[in-house]
Amino acid sequence: MMQINRLMTNICSDKLPESRDFYTKLFDFRVDFESDWFIHLISKDKQLELGIINRTHEIVPEDFQQHPQGLYITFVVANVDEVFTLANTAAFQVVSEPKDTFYGQRRLLLQDPNGTLVDVSSPIPNFEF
């Protein structure tokens with residue numbers, strides 16, 4: 001079995017600056033590298049990474065340059081309601097306000113500037129099935 005040394009998600013985007021602002025305002029990311037075709041974000045503890053790449057850049061195969069669908073990104077945070085407040089203050093697109101789920105998470109759904117569905121969840125304290 002091959003050892004995994006690093007896992008990084010890259011979001012294809014037509015809106016690099018807007019996407020950068022979305023992820024840095026809502027989550028614990030800072031800009032590690034930025035160019036006109038790629039932005040690398042890294043968490044302050046350097047454990048998590050997120051890339052934002054120009055969707056039509058030559059290194060993205062043409063068949064994969066469409067807008068995202070069929071996937072979503074989940075961020076597990078301590079307090080989803082705080083993220084909801086930040087999202088509203090920044091006028092980000094809220095798909096579903098925070099609500100408790102049957103599986104023990106409080107869940108908020110957002111849409112990032114690229115159309116990617118972003119699930120922000122927090123464990124419900126003392127939840128039992």
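Read-outs throughout are calculated quantities, based only on the coordinates presented, and are distinct from any laboratory measurement. Because the structure is a prediction, the values reported are computed rather than measured. All Cβ positions, glycine included, derive from the backbone under ideal geometry; neighbour counts span all protein chains shown.
Using the Cβ atoms and a cut-off under 11 Å, what net charge is assigned to the surroundings of Glu18, where Lys and Arg are +1 and Asp and Glu are -1? With Lys, Arg at +1 and Asp, Glu at -1, the neighbours total 0. Once the C-beta distance of Arg30 and Ala91 is scaled by a Förster radius of 30 Å, the resulting FRET efficiency is 0.85 to the nearest 0.05. Rounded to the nearest 500, the 222 nm mean residue ellipticity of the chain from helices alone is -5000 deg cm²/dmol, with -39,500 (n - 2.57) taken per DSSP H run of at least 4 residues. Taking the longest Cα principal axis of the chain as reference, the axis of helix 16-26 is set at about 20 degrees. Shown here are the Rg and Dmax of the Cα trace of the chain, at 15.6, 49 Å. The amide H of Asp14, built 1.01 Å from its N in the peptide plane, has Arg55 as neighbours under 5 Å, considering only residues 5 or more places off or on other chains.
A run of the chain free of exposed loop cleavage sites, with GluC sites (Glu not before Pro) counted only in DSSP states other than H, G, I, E and B and at most 16 other beta carbons within 10 Å, reaches its longest extent at 59-127. Placing dummy labels 7 Å off each Cα toward the beta-carbon, the span from Ile124 to Asp21 is 3.5 nm.
Bridges between two residues of the chain, per DSSP, are antiparallel at a rate of about 70%. Of the trypsin sites (Lys or Arg not before Pro) in the stretch 46-129, the ones in a loop by DSSP (not H, G, I, E or B) with at most 15 other beta carbons within 10 Å are Lys46. With Rh defined as the Kirkwood radius, the inverse of the mean 1/r over Cα pairs, the Rg/Rh of the stretch 61-129 is 1.06. Subtracting the Cα-Cα distance of Asp81 and Gln111 from their residue separation scaled by 0.36 nm leaves 9.2 nm.
Each residue in Tyr103, Tyr23, Tyr72 was given a count of other beta-carbon atoms within 10 angstrom of its own, and listing them fewest first yields Tyr103, Tyr72, Tyr23. The angle between the Cα long axis of helix 80-89 and the main principal axis of the chain comes to about 60°, on a 0 to 90 degree scale.
Ordering Ser96, Ser121 from the fewest to the most neighbouring beta carbons within 10 Å gives Ser96, Ser121. Each of Leu7, Leu108, Leu48 was scored by other Cβ atoms within 10 Å of its Cβ. Listed from fewest to most, they are Leu7, Leu48, Leu108.
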